[in-house]
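Any read-out appearing in this document is the output of simple, stated calculations on the displayed coordinates, not a laboratory observation. Values in this document were obtained by computation on a predicted structure and should not be read as measured data. Here the Cβ positions follow ideal geometry from the backbone for every residue, glycine too, while neighbour counts run over all protein chains shown.
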Amino acid sequence: MVGGTGNRRILTRLMPTDTPRPGVRRHLEKVAIMVTSIILMNVERALVNAVAEQLADRSEISEVYSVSGTYDLVAIVRVPCNDDLATLVTEHLTQVDGIIHTETMLAFRAYSRHDLEEMFAIGV
């Protein structure tokens, strides 16, 4: 299961509430499971740079690209659960002046040369 309460159940199994070191639970919550999504956006032409900078300042958004083609901006979002993604899209992005339309896609898997090199470096 991706996101939602399923992630919390998995994290609970991985991190019992009596974890001896206080920082361990917070650290594992940050790295254990993340929902990655790609948000495609149509933006008013005069506001593309301002919107991109405003989005890049949000902690949930790791990258913002201005692109050619049908869309003006692409944002890469990484959040702990689907509820956080829903809040970002339906509450925060709707407050950004200049965004005309969004299309949100959930990522299932990442296929990256960087990930493959890291995997082989640790002998997996």
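Things to note:
- Dipole magnitude of segment 34-121 about its Cα centre (Cβ charges: Lys, Arg +1; Asp, Glu -1), debye to nearest 20: 200 debye
- Loop-resident sites, segment 37-90, for GluC sites (Glu not before Pro), counting at most 13 other Cβ within 10 Å (DSSP): GLU44
- Residues MET105, MET34, MET41 arranged by fewest to most Cβ contacts within 10 Å: MET105, MET34, MET41
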